[in-house]
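See structure below.
Read-outs: derived from the displayed coordinates by stated rules, not from any lab. All values reported here derive from a predicted model rather than from experimental measurement. Quick reminder, even Gly has a Cβ in these numbers, built from the backbone with ideal geometry, and neighbours come from all protein chains shown.
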Amino acid sequence: MLKLEKVHTKYGHIEALKGIDLHIKEGEIVTIIGANGAGKTTTLNTISGILKPAAGKITFLNEDITNLSADKIVAKGIIQVPEGRQIFANLTVYENLLMGAYLRKDKVEVEKDLKKVYELFPRLEERKNQLGGTLSGGEQQMLAIGRALMSRPVLLLLDEPSLGLAPIIVENIFEIIKEINSQGTTILLVEQNAHLALSIAHRGYVMETGRIIMEDDAKALLNNEEVKKAYLGM
Ligand code: ATP
């Protein structure tokens, strides 16, 4: 579905991605794990078109999207839930969710998707008239994911969904991510919580200073001695 070939991304003269090769098959949850500053967010931002690669090629559903603008990439169905969530603080939960569907003209289908989002996140339905800015961190994360689902993503890019959340809420959100995947959405998940990410992913990549240093089935990575020592705190 998605393929990155020798992708380089720079901030000025600093090379944050030093030739990344990565692929995602339809139906998968793929995770990228790695320490702070490894280049995980840069990878997501390069896929979604927020950053332009200096070299390399990105293909999505057999189409070269390397040089497409971010809005064209959204229209292709690649939707990113950014780190720090970035919901609209002064809009209600309901209004925030509708913002995710602003490109869509199929009102009846939008209503159906809204119902689905409320089924996945009952908490959001309970709070649909509450302002986004007054939600708890976990609820804001739910809203950010819900809003992304309202645009019917083909590929969902999740950046650190566990960031700053209590373990019990993180568990709940990861259950829902699994559910979203089993309903047919392919997912690329960036996480510092490597154990959790690998426990729901099919495959994983390990990044270190702008390079992919390992790639394997998630189960194999969970049992890999190097990964255990460096990323799983064992
Ligand atoms: P984290 O989990 O801490 O967000 P990450 O793996 O997502 O880490 P990136 O945010 O992709 O890492 O950063 C990769 C490298 O690029 C880091 O060295 C970082 O300092 C650098 N970098 C990121 N954003 C910028 C920027 N806007 N300008 C300059 N350098 C940047």
State the antiparallel share, in %, of DSSP beta bridges confined to the chain, rounding to the nearest 5. 55 percent
Could you go through segment 110-122 in sequence order and give the Karplus-derived ³J(HN,Hα) for each residue, using 6.51 cos²θ - 1.76 cosθ + 1.60 with θ = phi - 60°, rounded to whole Hz, and x for Gly and Pro? 4, 4, 4, 5, 4, 4, 4, 4, 5, 5, 5, 10, x
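Contour minus end-to-end for residue 14 and residue 171, with contour as 0.36 nm per residue of separation and end-to-end as the Cα-Cα distance?
Values: separation 157, 0.36 × 157 = 56.52 nm, distance 3.60 nm.
So the chain would gain 52.9 nm between residue 14 and residue 171.
Using the 10 angstrom Cβ neighbour count as an exposure proxy, how do 59, 43 rank, fewest first?
Numbers: 59 15, 43 28.
Final ranking by Cβ density, sparse to dense: 59, 43.
Subtract the Cα-Cα distance of residue 232 and residue 105 from 0.36 nm times their separation in residues, and report this length gain in nm to one decimal. Let's see the in-between values first.
Values: separation 127, 0.36 × 127 = 45.72 nm, distance 4.51 nm.
Between residue 232 and residue 105, full extension yields an extra 41.2 nm.
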Charge dipole of the chain built from unit charges on the beta carbon (Lys, Arg +1; Asp, Glu -1), centred at mean Cα; most positive-end Cα among 218, 88, 118 is 88
Test of understanding: ordering 216, 64, 113 by Cβ neighbours within 10 Å, fewest first, what list do you get? 64, 216, 113
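Would you mind getting me the FRET efficiency between residue 35 and residue 112? Use the beta-carbon distance for r and R0 = 35 Å, nearest 0.05. Don't skip to the answer; put the middle values down first.
Numbers: r = 41 Å, r/R0 = 1.18.
Plugging the Cβ-Cβ distance into 1/(1 + (r/R0)^6) gives 0.25.
With +1 on each Lys and Arg Cβ and -1 on each Asp and Glu Cβ, and nothing else charged, work out how big the dipole of segment 26-138 is about its Cα centre, in Debye to the nearest 20.
Numbers: 15 positive and 14 negative charges, 41 e Å.
So the magnitude is around 200 debye.
How would you rank 171, 125, going from fewest to most other Cβ atoms within 10 Å of each one's own Cβ? All intermediate terms of the calculation are to be shown ahead of the outcome.
Details: 171 13, 125 17.
Lowest count first: 171, 125.
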Two pseudo-spin positions, 7 Å from Cα along C-beta at residue 92 and at residue 62, lie apart in nanometres by 4.5 nm
Nearest 0.05, what FRET efficiency do residue 130 and residue 75 give at R0 = 35 Å with Cβ-Cβ as r? 0.70
